[in-house]
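Peer 1: Quick one: the structure is below, questions incoming.
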Amino acid sequence: MSLRRGAAIALTTAVSAATLVACGSGDETTGLIVGTTDTVVSIDPAGSYDNGSMTVQTQVYQYLLNFPAGSTELTPDAAESCDFTEPTVYTCTLKPGLTFANGNDLTASDVAFSFQRIVDINDPNGPASLLGNMASVEAVDDATVKFTLNSPNDQTFPQILVTSAGPIVDEDTYPADEVLPDDEAVEADGFSGPYTITSYDKNELAEFTANPDYDGTYGTPSEDVVTLKYYAKSENLKLDIENEAIDVAYRSLTPTDIADLETKDGITVHQGVGGELRYMVFNLDTMPGGTPAQKLAVRQAVASSVDRDELSTGVYQDTYTPAWSMVPEGQTGATEAFKELYGAEPDLDAATKYLTDAGVTTPVEVQLQYNPDHYGSSSDQEYNAVKRQLEDTGLFTVNLQSTEWTTYSEEFPADAYPVFQLGWFPDFPDADNYLSPFLSPYSEDKAGNFTNSHYNEDGTPYADPEMTTLLESERTDGDPTTRAATLGQIQTRLAEQVPYLPLLTGTSVAIAVDGVKGVEDTLDASFKFRFTSLSQ
């Protein structure tokens with residue numbers, strides 16, 4: 001999941017955490033209260049692919065498969081079982097007696113409808129790109145759904161069922177050809193997850209009530225009612241958790257605020273795996289260097305010059321840790337390829353040699369672009385530190401510029417930035433999700449490589465058929481040992497060519513008042529925040 005985004009609407013209070021009045025509704029809401037600065041694009045899975053929407057969907061929709069709290073092992077949710085029945089056919093059998101909260105039966109027809117409408121609607125904010133390997137989906141009978149895939153033995157497809165493309169909706173209440181507005185989705189009550197929505201004021205306040213008919217991965221919710229409160233500014237979120245006006249703060253507080261809250265009595269900062277990645281992109285067409293060999297030398301010299309430990313500790317106060325591969329530590333198959341090739345600390349001699357051997361004139365002028373409003377307010381400090389680190393070598397001069405996300409998201413795909421910042425939130429906890437979206441060959445619509453780095457673009461000096469072969473091999477290899485070996489080859493090849501420079505990987509952070517249990521259980525590599533894990 002790459003470009004989750006969103007603004008937020010201000011709502012600050014100093015009311016108690018036990019009772020909250022829904023803005024504009026006049027209704028009192030009780031139960032556990034979670035605060036966030038994320039916002040909802042759409043409750044309807046066909047119209048959203050962002051953190052804020054996914055947090056709501058995680059609570060109210062059922063999936064065929066899902067990850068239980070604290071685990072990355074796929075577990076039946078609505079499905080009784082799923083497996084490959086042919087190399088290109090993945091078949092799931094549903095549990096008997098499933099229903100939506102509105103009383104409608106949940107059958108295989110609903111499942112097929114849910115996946116097909118995402119592809120058919122293909123909303124620009126939706127997750128249709130995740131279903132690129134799905135050739136077709138059909139309900140064989142009321143209990144059996146069959147996915148036919150374009151490529152055989154796709155080891156990642158079962159995990160696609162757990163992503164933003166996987167929520168099951170009610171075909172009797174959701175349209176086949178357009179996104180259902182949030183208010184209509186709440187009224188339709190076509191939910192079958194652990195919670196339903198009983199009160200909803202978009203991006204201000206949402207009340208979730210336990211669904212007694214839920215039969216799935218997450219089990220029975222401990223809390224009958226959970227309220228999600230939205231904040232426009234992180235400082236107001238911090239103020240409310242500090243004053244215990246809410247029970248849990250989840251996404252996003254600044255590193256300074258988190259460090260300050262760690263010193264407060266009565267609240268606890270919880271950190272989990274997370275899997276977020278922060279990295280730099282080199283546009284191979286427009287970056288410095290007169291030849292492909294000189295461009296490579298510049299990238300390798302930059303890789304030898306950055307100090308990740310300083311970024312981690314000095315800028316982010318250890319809420320992020322150094323990333324030594326595009327596959328973060330903790331993911332199966334992750335290596336430390338960049339550390340092995342360029343060292344754990346800056347190496348001026350190595351950086352100088354790369355440039356000298358390639359005949360690159362120094363100092364190299366680098367146009368470096370970052371975004372101040374999409375990847376956290378500390379991006380400013382992060383990229384000023386990168387600029388200083390590069391210029392301290394005497395090998396680079398850096399022209400650092402920033403652009404607001406609305407413009408940034410249009411300009412980087414249009415070759416406007418030679419070297420630039422991006423971030424990545426995983427769709428599912430598998431190494432392939434950190435590799436294929438970046439290294440696959442370009443398709444006509446660039447869907448195979450969203451960064452527009454021009455790496456592995458056919459017909460250019462940066463085409464890499466060997467990388468394409470390695471990616472296809474790991475995606476279709478059912479043997480964990482040989483697949484891990486292939487993943488290692490891919491990460492080494494990536495480090496050698498450096499189209500991307502991984503810098504930091506982030507933990508998931510949530511702050512809770514003392515007495516709230518289960519927070520650490522849901523901060524896992526699946527990147528799903530489950531209200532079912534929380535209790536007080």
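The values are calculated or read from the model by the stated rules, or taken from the named source; none is laboratory data. The structure displayed is predicted, hence computed values, not measured ones. FYI the Cβ positions are ideal-geometry reconstructions off the backbone, even for glycines, and counts take in every protein chain you see. What goes into the accessible areas is simple: the full protein's heavy atoms, side chains included, and nothing from ligands, DNA or RNA. Shrake-Rupley method; radii C 1.70, N 1.55, O 1.52, S 1.80 Å.
Peer 1: Tell me which of these Pro167 doesn't satisfy, since it passes every other one: (1) more than 18 Å from Gln59 (Cα to Cα); (2) out of contact with any Lys or Arg (no Cβ under 9 Å at 6 or more places or on another chain); (3) not hydrophobic (A, V, I, L, M, F, W, C).
Peer 2: Of the numbered conditions (1) more than 18 Å from Gln59 (Cα to Cα); (2) out of contact with any Lys or Arg (no Cβ under 9 Å at 6 or more places or on another chain); (3) not hydrophobic (A, V, I, L, M, F, W, C), the odd one out for Pro167 is (1).
Peer 1: Determine if region 1-11 includes at least one residue that is in contact with a Leu (Cβ under 9 Å, 6 or more places away or on another chain), surrounded by fewer than 21 Cβ atoms within 10 Å (Cβ to Cβ), modelled with pLDDT under 95 and of a type in the set (Val, Ile, Thr).
Peer 2: The answer is no, given that none of the residues of region 1-11 is in contact with a Leu (Cβ under 9 Å, 6 or more places away or on another chain), surrounded by fewer than 21 Cβ atoms within 10 Å (Cβ to Cβ), modelled with pLDDT under 95 and of a type in the set (Val, Ile, Thr).
Peer 1: Being assigned to a loop (DSSP other than H, G, I, E, B) and under 28 Å from Ala525 (Cβ atoms): is that true of Leu253 here? Break it down into steps so the answer makes sense when it comes.
Peer 2: Details: assigned to a loop (DSSP other than H, G, I, E, B): yes; under 28 Å from Ala525 (Cβ atoms): yes.
Answer is yes for this residue.
Peer 1: Which members of region 458-485 meet the condition of being among the charged types (D, E, K, R) and in a helix (DSSP H, G or I)? Before you say what the answer is, go through the steps one by one.
Peer 2: First, the residues of region 458-485 that are among the charged types (D, E, K, R): 458, 464, 466, 472, 474-475, 477, 479, 483.
The answer is Glu466, Glu472, Glu474, Arg475, Arg483.
Peer 1: Would you say Arg299 is among the basic types (Lys, Arg), within 30 Å of Ser71 (Cα to Cα) and touching a strand residue (DSSP E or B) at 6+ places or on another chain (Cβ under 7 Å)? Outline the logic, then answer.
Peer 2: Working: among the basic types (Lys, Arg): yes; within 30 Å of Ser71 (Cα to Cα): no; touching a strand residue (DSSP E or B) at 6+ places or on another chain (Cβ under 7 Å): yes.
So Arg299 fails the test.
Conditions tested, residue by residue: (1) surrounded by fewer than 20 Cβ atoms within 10 Å (Cβ to Cβ); (2) in contact (Cβ under 8 Å) with a residue 24 or more places away in the chain.
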residue	(1), (2)
Tyr231	no, yes
Asn236	yes, yes
Val248	no, yes
Ser252	yes, yes
Lys264	yes, no
Thr268	yes, yes
Glu276	no, yes
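Peer 1: On to the next question. Just name the residue that is least open to solvent (accessible area, probe 1.4 Å) out of those in region 61-81 that are more than 22 Å from Asp142 (Cβ to Cβ) and under 19 Å from the mean Cα position of the chain (by Cα).
Peer 2: Taking region 61-81 and keeping what is more than 22 Å from Asp142 (Cβ to Cβ), we get 67-75.
Restricting the remaining residues to those that are under 19 Å from the mean Cα position of the chain (by Cα) gives 67-74.
Working: Phe67: 4, Pro68: 34, Ala69: 47, Gly70: 60, Ser71: 30, Thr72: 75, Glu73: 128, Leu74: 59 Å².
Per the criteria, the residue is Phe67.
Peer 1: Considering region 473-516 alone, what residues qualify as being of a type in the set (Gly, Ala, Ser) and either touching a Lys or Arg at 6+ places or on another chain (Cβ under 6 Å) or more than 30 Å from Leu311 (Cα to Cα) (or both)? Outline the logic, then answer.
Peer 2: Of the residues in region 473-516, the ones of a type in the set (Gly, Ala, Ser) are 473, 478, 484-485, 488, 495, 506, 508, 510, 512, 515.
Within region 473-516, Ser473, Gly478, Ala485, Gly515 qualify.
Peer 1: Have a look at Gln401, Gln421 and point out the one that is surrounded by 19 or more Cβ atoms within 10 Å (Cβ to Cβ) and modelled with pLDDT of 95 or more. Can you show your working first?
Peer 2: Numbers: Gln401 fails: surrounded by 19 or more Cβ atoms within 10 Å (Cβ to Cβ).
Step by step, each of Gln401, Gln421 is checked, and only Gln421 is surrounded by 19 or more Cβ atoms within 10 Å (Cβ to Cβ) and modelled with pLDDT of 95 or more.
Peer 1: Can I ask one more? Given the condition at pLDDT 95 or above, of a type in the set (D, E, K, R) and either more than 21 Å from Leu534 (Cβ to Cβ) or open to solvent by 10 Å² or more (accessible area, probe 1.4 Å) (or both), answer yes or no: does some residue in region 214-222 qualify?
Peer 2: No: region 214-222 contains no residue that is at pLDDT 95 or above, of a type in the set (D, E, K, R) and either more than 21 Å from Leu534 (Cβ to Cβ) or open to solvent by 10 Å² or more (accessible area, probe 1.4 Å) (or both).
Peer 1: Anything in region 256-285 that is of a type in the set (A, V, I, L, M, F, W, C), within 18 Å of Leu311 (Cβ to Cβ) and in a helix (DSSP H, G or I)? List them, or say none.
Peer 2: Ile258, Ala259
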